[in-house]
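A.B. asks: Could you have a look at this structure, given as structure tokens, before my questions?
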Amino acid sequence: MEALTIQTSSRTDLVPITQQVQRVVAQAGFDQGLAHVYVPHTTAGVTLNENADPDVVHDMIEDLERLVPWQQAYYRHREGNSAAHVKATLVGSSVTVPVLGGRLTLGTWQGIYLCEFDGPRARRVLVTLIAGA
Ligand code: ZN
């Protein structure tokens, strides 16, 4: 398992991490199996989505903010970041990508994103490579 440290730059931020994950695959000499990408945080997550048009990331952030506003009269969590916890659960804490020939088999338009919901912070991303046919 490899641990990456990713610095986020705003409260809500989607940071592309495909190249860092591909580097872990390459440096391990890993040929075929699964790359499991996991975020050990309760106010951040990880997802796959479009890597070509940055407006997609913008629109996803806007919609997540609309779906889960930062302030709600009924929030009880004293830390004040309930929205970040909710968004982390909505996007999930891991993705698994098949690896073939030493390459992540992402679709043409897919990229891996660390999803920050209570930043900016330094976040950890754990990449586990699981060999298989
Ligand atoms: Zn909290």
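A.B. asks: Name the residue, out of Val21, Val25, Val97, Val57, that is part of a strand (DSSP E or B), buried (at least 18 other Cβ atoms within 10 Å of the Cβ) and at pLDDT 95 or above.
C.D. replies: Matching residue, one of Val21, Val25, Val97, Val57: Val97.
A.B. asks: For the range 43-52, give me the residue count where each residue is away from the ligand (no atom under 16 Å from the Cβ), of a type in the set (S, T, N, Q) and not in a strand (DSSP E or B). Full working, then the answer.
C.D. replies: Residues of the range 43-52 away from the ligand (no atom under 16 Å from the Cβ): 46-52.
Adding the requirement that they be of a type in the set (S, T, N, Q) leaves 47, 49, 51.
With the extra rule that they be not in a strand (DSSP E or B), the set shrinks to 51.
So the answer is 1.
A.B. asks: So which residues in the range 3-40 are under 14 Å from Leu129 (Cα atoms) and in contact with a Ser or Thr (Cβ under 9 Å, 6 or more places away or on another chain), if there are any at all?
C.D. replies: If the condition is that a residue be under 14 Å from Leu129 (Cα atoms) and in contact with a Ser or Thr (Cβ under 9 Å, 6 or more places away or on another chain), then Leu34, Ala35, His36, Val37, Tyr38 are the ones that fit.
A.B. asks: Does Thr108 count as part of a strand (DSSP E or B), more than 16 Å from the ligand (Cβ to nearest atom) and on the phi < 0 side of the Ramachandran plot?
C.D. replies: no
A.B. asks: Filter the range 7-42 down to the residues that are out of contact with any Leu (no Cβ under 8 Å at 6 or more places or on another chain) and within 16 Å of the ligand (Cβ to nearest atom) and list them by number.
C.D. replies: If the condition is that a residue be out of contact with any Leu (no Cβ under 8 Å at 6 or more places or on another chain) and within 16 Å of the ligand (Cβ to nearest atom), then Arg11, His41, Thr42 are the ones that fit.
A.B. asks: In this structure, is Ala88 among the small types (Gly, Ala, Ser) and within 16 Å of the ligand (Cβ to nearest atom)?
C.D. replies: Yes, satisfied.
The values are calculated or read from the model by the stated rules, or taken from the named source; none is laboratory data. The structure displayed is predicted, hence computed values, not measured ones. With ideal geometry, Cβ positions are generated from the backbone for all residues, glycine too; neighbour counts draw on all protein chains shown.
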